[in-house]
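First comes the structure, then the notes that go with it.
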Amino acid sequence: MGAVVTVSRLVNRNVVAETGRTSMRLEPELWDALLEICEREGQDMSTLVRNVESTAPPGGRTSAVRVFVLSYFRSAATDSGHMAAGHGSLMRPRLAAQARSAA
């Protein structure tokens, strides 16, 4: 009986980072999100990655890029946008927590 081989969803792409040409492995959705950010900010992928690297805390480049993508879209998210997407509001849990702490 052979070993089960799992196929990774990660996509390997080359970028030019602080240290020169290198590769990063990200999920296809994150690559799509990075391309959208590049379009919105008028930057190419390598410039964006270098900017992320230069402002990120010490650690892995790929991790810093993942956190950047999350932070970018999270900062752009509004409560009305979440409601339009069918998500819940953060205000309800906060108000409930405030009511519990005031009691």
Legend entry - Near pairs, Cβ below 9 angstrom, 6+ apart or cross-chain, from region 10-35 (on the phi < 0 side of the Ramachandran plot and surrounded by 14 or more Cβ atoms within 10 Å (Cβ to Cβ)) to any residue that is modelled with pLDDT under 90 and of a type in the set (Gly, Ala, Ser): MET24/ALA17
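Here's the yes/no breakdown for (1) surrounded by 13 or more Cβ atoms within 10 Å (Cβ to Cβ); (2) closer than 17 Å to SER23 by Cα; (3) more than 15 Å from the chain's Cα centre (by Cα); (4) not hydroxyl-bearing (Ser, Thr, Tyr):
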residue: GLN43; (1), (2), (3), (4): yes, no, yes, yes
residue: VAL49; (1), (2), (3), (4): yes, yes, no, yes
residue: ALA56; (1), (2), (3), (4): yes, no, no, yes
residue: ALA64; (1), (2), (3), (4): yes, yes, no, yes
residue: TYR72; (1), (2), (3), (4): yes, no, no, no
residue: ALA76; (1), (2), (3), (4): no, no, no, yes
residue: ASP79; (1), (2), (3), (4): no, no, yes, yes
residue: HIS82; (1), (2), (3), (4): yes, no, yes, yes
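The values are calculated or read from the model by the stated rules, or taken from the named source; none is laboratory data. Because the structure is predicted, anything quoted here is derived from the model rather than measured. Positions of Cβ are backbone-derived with ideal geometry, glycine not excepted, and every protein chain shown enters the neighbour counts.
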